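See structure below.
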Amino acid sequence: AAVRVAGRRIVGADGPVDYPIRLVNQTAVEQRVQLHTDWGELTPDSVVLPAEGTASLSLKGTAEQSVDCKLVAAVNGGREIVWPLRILCEPGLIDVVETCGHQSYNEECYRWTGDGPIDYEIALRPNEAQVVWLRWGAKDDQRSATLRLGERETEFTHGGYDGFQWAPYALPAEAATAPRLPLTLTEIEGKKGAFVSQIRVMKPGTKPADAD
């Protein structure tokens with residue numbers, strides 16, 4: 001394809017949504033792109049991509065419930081690129097990241113620290129306490145990883161069930177030093193590696209709707 005859409009396919013929200021999207025021109029010629037969506041408002045709704053260049057836009061709106069929608073980009077008035085997007089709306093939800101790799105267990109795809117570090121940038125509320133919920137996999141055993149979030153690092157272990165469960169990691173207000181921080185899970189030598197299918201950041205006192 002001449003133009004590629006770069007961004008997450010699931011967005012977490014508790015009301016206002018401001019979802020960043022990036023368009024990438026994969027050709028050596030200029031591309032004109034007209035965009036529309038069936039939910040919210042795209043800003044801008046048309047861009048001119050320089051040769052091998054990029055452009056940023058955002059999808060804004062207010063989520064009152066979870067919804068599946070799509071972004072459609074028409075390149076040079078012709079071929080359309082369809083980008084499916086799920087807006088997940090839950091009380092207290094700040095961010096959601098799918099950690100989906102090439103493996104699956106109990107019908108959930110995941111990434112495993114045995115294949116290398118699991119690293120993502122997550123959104124936070126600066127200077128506020130919040131909880132990072134990890135959709136933690138186990139096979140009737142305990143799974144461990146070194147969890148690093150910003151400047152904080154700890155050994156994290158959870159398990160004793162078969163499948164996936166939500167495991168909370170509490171982040172104090174003084175550790176939420178920026179609107180976005182890198183989160184990395186790495187394997188611990190001699191311990192069974194963690195495998196994770198999703199990460200959610202939530203306000204204290206709330207939890208994923210499907211948490212036990």
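So which of 200, 180 is surrounded by 18 or more Cβ atoms within 10 Å (Cβ to Cβ), at negative phi and of a type in the set (Lys, Arg)?
200
For every residue, the table says whether it meets (1) open to solvent by less than 40 Å² (accessible area, probe 1.4 Å); (2) within 30 Å of residue 195 (Cβ to Cβ); (3) among the β-branched types (Val, Ile, Thr); (4) touching a Lys or Arg at 6+ places or on another chain (Cβ under 7 Å).
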residue	(1), (2), (3), (4)
9	no, yes, no, yes
27	yes, no, yes, no
30	no, no, no, no
73	yes, no, no, no
90	yes, yes, no, no
93	yes, yes, no, yes
113	yes, yes, yes, no
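Just checking, does the stretch 48-64 include any residue being within 20 Å of residue 165 (Cα to Cα) and in contact (Cβ under 8 Å) with a residue 12 or more places away in the chain?
no
Give the residues of the stretch 158-208 that are within 17 Å of the chain's Cα centre (by Cα) and either part of a helix (DSSP H, G or I) or closer than 17 Å to residue 13 by Cα (or both), sorted by residue number.
Listed by number, the residues that qualify are 179, 180, 198, 199, 200, 201, 202, 203, 207, 208.
What are the pairs, 6+ residues apart or on separate chains, where a residue within the stretch 10-36 that is within 30 Å of residue 89 (Cβ to Cβ) and of a type outside the set (A, V, I, L, M, F, W, C) has its Cβ under 8 Å from a residue that is open to solvent by 70 Å² or more (accessible area, probe 1.4 Å) and part of a strand (DSSP E or B)?
15/62; 16/60; 16/62; 18/60; 19/60; 20/56; 22/54; 22/56
What is the number of the single condition among (1) surrounded by fewer than 13 Cβ atoms within 10 Å (Cβ to Cβ); (2) assigned to a loop (DSSP other than H, G, I, E, B); (3) not hydrophobic (A, V, I, L, M, F, W, C) that residue 22 does not meet?
For residue 22, the failing item is (2).
Hey, can you tell me all the residues within the stretch 106-129 that are touching a Gly at 6+ places or on another chain (Cβ under 9 Å) and in a strand (DSSP E or B)?
108, 109, 110, 111, 112, 118, 123
The values are calculated or read from the model by the stated rules, or taken from the named source; none is laboratory data. A quick note: this is a predicted structure, and the numbers were derived from the prediction, not measured. Every residue, glycine among them, receives a Cβ derived from its backbone with ideal geometry; neighbour counts consider all protein chains shown. With ligands, DNA and RNA removed, areas are computed over all heavy atoms of the protein, side chains included. Shrake-Rupley method; radii C 1.70, N 1.55, O 1.52, S 1.80 Å.
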